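Report on the following structure.
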Amino acid sequence: MNYLLHRLSALLATAFTATAAPLVIDLTPEPPPVITGHLGLGETSAPGGRTFWADSQSLFRDGRPFIPVMGEFHFTRYPAEEWREALLKMKAGGVDIVATYVFWIHHEEEQAQWDWSGRRSLRDFLQICKELDLPVIVRLGPWSHGEVRNGGFPDWLQHAAFWGKDGCKRCHPNPEFMKLVAVLYQQIATQMQGLLWKEGGPVIGVQHDNECWDLGYLFALKKLARGCGIDVPFYTMTGWNAVPIPDEGLIPLFGGYVDGFWMDDPLGMRKAFLFTPIRDDGDMGAVNGRLVNTRLERNGKIQRFPFLCCEIGGGMPSSYDRRIHVTPADVAASALVKLGEGNNLPGYYMYHGGVNPEGRLTTLNETKATHYPNDLPVKDYDFGPVGACGQLRDQYFLLRQQHLFLRAFGRSLALMPAYFPDRQPASLDDVDTVRWNARSDGRSGFIFFNNHQRYVQLPSKQGVQFALETTHGTLAVPEQPITLPSGSYGIWPFNLDCGGVQIVYATAQPLCSVSEGSEHWFFFAAIDGIEPEFSVADAKGNKHLRRVTPGTGVAFREKSPLGTHVNFVVLSSAQAKSLWKLKLAGRERIVMSSNTLLPETTDQLRLEWFPGEMANLAIFPSVRQVTLNGARLKASREGVFQRLLLDGSPPSRRVAELKPVKPALSPPAPADAMEDRAWSSAAVWRVGVPQEVASGKWLLRLCYAGDVARFYAKGLLLVDNFYNGQPFDLALWRLSPAELADLELRIMPYSPGKVTRLPEEAKAVLNERDHVAEVRSIEVLERRQIPIVFSGGPR
């Protein structure tokens, strides 16, 4: 049936339903040619024949294209004894590459007094990354930002006499400054010695400076690095803020945020939810509300480089003036949009949160007092899929679905350019036009759509049907128009080869697959509000539809032309959110658990959970023997999965004791909470915790209303929090018995008008009251971990 007859039959079938015309993308134009040899790569080979390299389109590992996931984690902002566990959580979440800053001020706060010890040891951190087979991109600086004091410059450098009157430190930098940078780079090179990719280590790339406009300076930094022996496959720079794009030699990386504490009008950041060919959206450290802007003129040069990202917002910290809460759906939808636009390296900033280390001379946070535009918390740097106490947030699970998809289908997707429909939103205020695009090789590919947006809700879209002009004719997806629910987003495949079975299209999102012998299983995720529908081509090329009800069983089974059997499992959105793919008992397995999983080895993982959660674990293919504390676990069947019966008492929950020391002043002193003198206005409590907290892993969780909350122990600030309506956590296991016995909570009262952009849920708690400083709840939660051992061979 040709396309016109197909449309006629569709119209007859929906004679009493008004539907719009199909939304069309032409996938037949030839993409730009792939070019090589211009990226300025260093040594790409490692011992044993492993390789990392790139061309103008894609990254390649061991000669094969792939789309890795990169997650930012700052080693100096996290206890060294917890690095391994943090990295295991990142790896289990689908992170393939770790990015980390080297903040100059963290290592040379006093001139010539270098500190690479403890949590400041880059070398120790890289050693653990090597053991866990996690490649690393080191962001060298010298200026980093990262919401660090002076952007990472030590105070002594800020006050150096050689800067001159203009104070511009990175525009045509002077020789005296570059001599100091050479010392910094040599220090970093010494830390990385023996740990570069070419030496069998994890360091595959470096970034020079950050958000810098001076290409001459950036290339001088690259020359310094190479002169120090830093020979790595990838040399990168940040490409946003309309910085010049080089012809060759440095790979520009991009990103995008859905909100920003630096923005006066965050509505402009709605661009993060639209599909466009523009890599630099203009909202990262700059204000530009236009959907299509002058950055298009840079696209000619940008097309010479693969579309790689280092700063897709995994969340957003609150500044003192602007209290922000980014939702998990905000993060997942914007990451999906970037992927649809052609991103071949989803890199998240941050992926794992942390806490600023102690400074010898000053606090190490960005402040207005240091001539930066914003005040950030003194200690807290906690945003992203994994929190500063190792807590997994909802975006961890939502993003992992995309990461599973990339692990399974990234080899094909990496070679597919992005195509955009002729009809796109006319402006940021256009909420009615469907937001979508496709990546394709001309015949097969993936549709990306997004009907979620921050700040302004997008309505449901009725009568939606996509028409893909492929090299083999026009394909309508789906067969009949459907409604895209408000808040929905997803990836639909077309002409997808699943073990020899052709999925002409599916209205469910592909996740992952496993094989055993001549049998294959492909797992898909249903999207809430959209019926999973599969158009399948049989061995004779005839198409037939499969409409399925989501669940853990085999939804349907097909036989490939080669005689192999292919099984399709379509999970509900909730089930898909709990899906992992891990190597256990000698092979890769699909695991379903809503808990935190830490795969220590292929024979053992730790399961972590908190009060209010159920310990749950299901595996496919099944394992012959699974033990917990030496006792064999019983199992039952749940669809294709082996459901392990994890009996036992749940983790404990306790209420912390609060003893008032003094109330908040009313009215409070008219001072800023960033100034120590203002804290005489704060309400103060002594915090008593149960004796059992001294052993084990316990989390103190505070829900409060106020301006700023801080925990102290023995007079030392442990961590602070700018109120935005979200819980505030403290890892008690990091405190000594003496500190636990001297724990104090202080809350500065909230004054209306002092902060802007409070989330609605936070406003509701305050209820327009003046000078609020109150504890709504404070409890102690046990973080329990249990070791589960797998044995018995591949199945």
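The values are calculated or read from the model by the stated rules, or taken from the named source; none is laboratory data. In this text, all values refer to a predicted model and were calculated from it rather than measured experimentally. Backbone-built Cβ (ideal geometry, glycine too); neighbour counts: all protein chains shown. Just the protein is used for accessible areas: all its heavy atoms, side chains included, with ligands, DNA and RNA removed. Shrake-Rupley method; radii C 1.70, N 1.55, O 1.52, S 1.80 Å.
Using a 1.4 Å probe on the protein heavy atoms only, what accessible surface does TRP492 show? Give it in Å² to the nearest 10.
Here the accessible area works out near 0 Å².
Run the simple label-point estimate for GLU30 and ASP770 please: 7 Å along Cα→C-beta, distance reported in nm.
Placing both labels 7 Å beyond Cα along the Cβ direction yields 7.3 nm.
For GLU657, GLU30, GLU199, give the ranking by accessible area with the largest first, probe 1.4 Å.
GLU30, GLU657, GLU199
Can you give me the C-alpha center-to-center distance between segment 190-226 and segment 401-477, rounded to a whole angstrom?
One Cα centre to the other: 36 Å.
Label segment 532-677 by shape, choosing from rounded, prolate and oblate, from the square roots a ≥ b ≥ c of the eigenvalues of the Cα gyration tensor; if a/c is under 1.5 it is rounded, and otherwise prolate applies when a/b is larger than b/c, oblate when it is not.
Taking the square roots of the gyration eigenvalues as a ≥ b ≥ c, segment 532-677 is prolate.
Hey, what number do you get for the chain at 222 nm if only DSSP H runs of n ≥ 4 count, each worth -39500 (n - 2.57), divided across all residues, to the nearest 500?
Counting only the DSSP helices, I get -4500 deg cm²/dmol.
Please tell me which of these pairs span more than 32 angstrom C-alpha to C-alpha: LYS461/LYS543; LYS91/LYS198; LYS91/LYS301; LYS659/LYS697?
Over 32 Å Cα-Cα: LYS91/LYS301.
Take each of the peptides 706-718, 751-763, 229-241, 453-465, average the number of other beta-carbon atoms within 10 Å over its residues, and list them starting from the highest.
Going by the mean number of other Cβ atoms within 10 Å, highest first, we get 229-241, 706-718, 453-465, 751-763.
Working with all protein chains in place, sort TRP163, TRP104 by solvent-accessible area computed with a 1.4 Å probe, largest first.
The residues order as TRP163, TRP104, largest area first.
Of all the C-alpha pairs in segment 200-270, what % are more than 14 Å from each other?
Here the tail beyond 14 Å accounts for 64 percent of pairs.
Label segment 524-616 by shape, choosing from rounded, prolate and oblate, from the square roots a ≥ b ≥ c of the eigenvalues of the Cα gyration tensor; if a/c is under 1.5 it is rounded, and otherwise prolate applies when a/b is larger than b/c, oblate when it is not.
oblate
Answer rounded, prolate or oblate for segment 156-260, using the Cα gyration tensor with square roots of eigenvalues a ≥ b ≥ c: rounded when a/c is under 1.5, else prolate when a/b is larger than b/c, else oblate.
Oblate, because a/c is 1.5 or more while a/b does not exceed b/c.
Which option, (1) 52; (2) 69; (3) 60, is the value of percent of Cα pairs over 34 Å apart that was calculated from these coordinates?
Checking each listed value against the structure points to (1).
What is the distance in Å between the Cα centroid of segment 300-378 and that of segment 572-605?
Rounded to whole Å, the Cα centres lie 28 Å apart.
Based on the Cβ-Cβ distance of LYS559 and TRP156, what FRET efficiency does E = 1/(1 + (r/R0)^6) give at R0 = 60 Å, to the nearest 0.05?
The calculated FRET efficiency here is 0.25.
What does the accessible area per residue of segment 100-156 come to in Å², with a 1.4 Å probe and no ligands, DNA or RNA counted?
Heavy-atom accessible area per residue stands at 28 Å².
For segment 174-216, report the accessible area per residue in Å² (1.4 Å probe, heavy atoms, rounded to an integer).
34 Å²
Could you compute how much accessible surface SER513 exposes when probed at 1.4 Å, giving the result in Å² to the nearest 10?
30 Å²
May I ask you to rank ASP394, ASP280 by accessible area, largest first, using a 1.4 Å probe over the protein chains only?
Order by accessible area, largest first: ASP394, ASP280.
Please give the helix 122-131 orientation as an angle from the longest Cα principal axis of the chain, in degrees from 0 to 90, rounded to the nearest 10.
30 degrees
Which percent, to the nearest 5, of DSSP beta bridges fully inside the chain are antiparallel?
75 percent
Under the 0.36 nm per residue contour assumption, what length would be gained going from the current alpha-carbon distance of ASN629 and GLU110 to full extension?
So the extension gain works out to 181.9 nm.
Whole angstrom only: what separates the Cα centroid of segment 709-758 from the Cα centroid of segment 55-115?
28 Å
Can you tell me the mean projection area, over all orientations, of the convex hull of segment 87-198's alpha carbons? Units nm², please.
Its average projected convex-hull area is 8.2 nm².
Could you state how much accessible area VAL661 has, in square angstrom rounded to the nearest 10, with a 1.4 Å probe and all protein chains kept in place?
80 Å²
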